[in-house]
1. Given the conditions (1) in contact with a strand residue (DSSP E or B) (Cβ under 6 Å, 6 or more places away or on another chain); (2) within 16 Å of ligand 2 (Cβ to nearest atom), report the number of the one that Val163 does not fulfil.
2. Residue check: is Ile375 farther than 18 Å from Gln240 by Cβ and among the β-branched types (Val, Ile, Thr)?
3. Go through the residues of segment 60-77 one by one and say whether even a single one is of a type in the set (Val, Ile, Thr), under 21 Å from Ala155 (Cα atoms) and either touching a residue at least 60 places away in the same chain (Cβ under 8 Å) or in contact with a Cys (Cβ under 8 Å, 6 or more places away or on another chain) (or both).
4. Given the criterion in contact with a strand residue (DSSP E or B) (Cβ under 9 Å, 6 or more places away or on another chain) and away from ligand 2 (no atom under 16 Å from the Cβ), identify the matching residue among Thr172, Thr153.
5. Could you tell me whether any residue of segment 228-235 is part of a helix (DSSP H, G or I) and over 30 Å from Ala41 (Cβ atoms)?
6. Need pairs with beta-carbon distance below 6 Å; first residue in contact (Cβ under 8 Å) with a residue 60 or more places away in the chain and more than 18 Å from Leu65 (Cβ to Cβ) and within segment 133-155, second of a type outside the set (Gly, Ala, Ser) and within 16 Å of ligand 2 (Cβ to nearest atom); sequence gap 6+ or separate chains.
7. Considering only segment 272-281, I want to know if a residue exists there that is among the charged types (D, E, K, R), touching a residue at least 12 places away in the same chain (Cβ under 8 Å) and either away from ligand 2 (no atom under 16 Å from the Cβ) or not in a loop (DSSP other than H, G, I, E, B) (or both).
8. So for segment 294-311 (the condition being closer than 30 Å to Leu36 by Cβ, more than 16 Å from ligand 1 (Cβ to nearest atom) and either among the acidic types (Asp, Glu) or part of a loop (DSSP other than H, G, I, E, B) (or both)), does at least one residue qualify?
Amino acid sequence: LFRSCARILLFIATRMKPSASTANGQEVPSSVVTKLTVLGATGSIGLNTLEIVRQFPHKFKIEALSCRSSIERLVEQIKEFQPRLVCVDNSEQARELRETFRDRNSGTETEFVWGVEGLIQISSDPEVDLVVAGIVGAAGLQPTFSAVQAGKTVAVANKEPLVMAGELFVQTANKTGAKLLPTDSEHNAIFQVLHGEPPERIARLILTASGGPFRDLPLKEFEKITLAEALSHPNWEMGQKISIDSATMMNKGLEIIEAHWLFNTPVENIDVLMQRESIIHSMVEFIDGSFLAQMGLPDMRVPIAYCLGWPERLPLKIPRLDPLSMSALHFEKIDPQRYPCLPLAIKVAKQGGAAPAVLNGANETVVTAFLGEEIRFVEIAETIAAVIKDFEKALHQVDVPSFLRKIRTLEDAEHADKWGR
Ligand code: NDP
Ligand code: MG
């Protein structure tokens, strides 16, 4: 009898599918379909996410999509993925889409919602397992935070909310069991490298930077930089705001703050190196002197897929890195004269409190102005530096508003960001 029981148990064990632990620690079979909300579905992160979902239709189901103004693209996505919920910017767009899909008689039963309330609804919907935070800028703050409050797994590409209110995000995730999965390529590289190692084993995080389009431009020519030149990133294809942030290297500054919160590492232990090939996506130096790096072609589908599939890896169909094709990997120090936004952001990161939110508001405003060709490229850093000076002055005044001292609530973060704007 004993031998028969043992044989039956062995049979069951070998037939059982491997199980994976979810963000909240529960064991689930790996064949379970993950239900997704994609915030910012029509942007660069959103499109890459949907491309992965297309490759793995049995693993993922799109529950909800959002966009602000790219309605034509969104209509195509609704037809293809048949989401249950769609969020647009305003009630007029929602009404028109309702009409469109009623007229089409497509059989799709989609509910159309709008505005911040709509974004919060699709981020915290009880059916949704994983939220891809792919909105650009502070506009992602409330929806991403509501996903964290609802205890979701969140693939965090949208770094600005973490810059504005990182402490609140981490504290709330600890309370609700939400999992913040680092999706930004550098942070995803570190996430892969750390693989659960505790923060006390980290000596240093090294974020790599491509250097953007102006890494070799003579400094005297910076006055004449055009919008088109600033938008043409040498290694990555991304949305407009992050492309400008990469050209100024404010992006790397925001990423230091992002890494500080995601990996519970002091700002002083986070360095930046230029890696012009964008093959090494970041490195960790451990306390025993080991360096571990994550490598690959610059393709955002890799970090996004890592988060979608986590804790498993997906057999992704993408062009692969051929190590034989690499003649060399270069590492260079960052020149603060070429990238004045980086030292500025590092100073702000060390100040902490409301300073990062102020920085974010100022940066978004000047980048929008540059995209509208209202200011010159060099004025981006100049203007933000002036705002930070004003902020430091304001801190010394007796009637300084409390939100400029410390971010205690989401509203504080929004006020500080607005002050920067
Ligand atoms: P995009 O500009 O390409 O896309 C932004 C998305 O957000 C679009 O779907 C857009 O809708 C939507 N959106 C924009 N503004 C609002 C708003 N006010 N309210 C609601 N939705 C809005 O940006 P990216 O995909 O490049 O970047 C998204 C985030 O991910 C950023 O925070 C960026 O820093 C980060 N990131 C991006 C990387 C990349 O490779 N692109 C890499 C690492 C991080 P619509 O299309 O209708 O305007
Ligand atoms: Mg990045």
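1. Checking Val163 against (1) in contact with a strand residue (DSSP E or B) (Cβ under 6 Å, 6 or more places away or on another chain); (2) within 16 Å of ligand 2 (Cβ to nearest atom), the one that fails is (1).
2. When the stated conditions are applied, Ile375 does not pass them.
3. No, segment 60-77 contains no residue that is of a type in the set (Val, Ile, Thr), under 21 Å from Ala155 (Cα atoms) and either touching a residue at least 60 places away in the same chain (Cβ under 8 Å) or in contact with a Cys (Cβ under 8 Å, 6 or more places away or on another chain) (or both).
4. Criteria check complete, one pass: Thr153.
5. The answer is no, given that none of the residues of segment 228-235 is part of a helix (DSSP H, G or I) and over 30 Å from Ala41 (Cβ atoms).
6. Gly137/Glu160; Ala138/Glu160; Leu141/Pro161
7. Restricting attention to segment 272-281, the residues satisfying the condition of being among the charged types (D, E, K, R) are 276-277.
Those still in the list that are touching a residue at least 12 places away in the same chain (Cβ under 8 Å) too: 276-277.
Those left that are additionally either away from ligand 2 (no atom under 16 Å from the Cβ) or not in a loop (DSSP other than H, G, I, E, B) (or both): none.
No: segment 272-281 contains no residue that is among the charged types (D, E, K, R), touching a residue at least 12 places away in the same chain (Cβ under 8 Å) and either away from ligand 2 (no atom under 16 Å from the Cβ) or not in a loop (DSSP other than H, G, I, E, B) (or both).
8. The answer is yes; a qualifying residue exists.
The values are calculated or read from the model by the stated rules, or taken from the named source; none is laboratory data. Treat the numbers as computed from the prediction; the structure is a model and nothing was measured. A quick note on method: Cβ atoms are made from the backbone with ideal geometry, for glycine too, and the neighbour counts reach across all protein chains shown.
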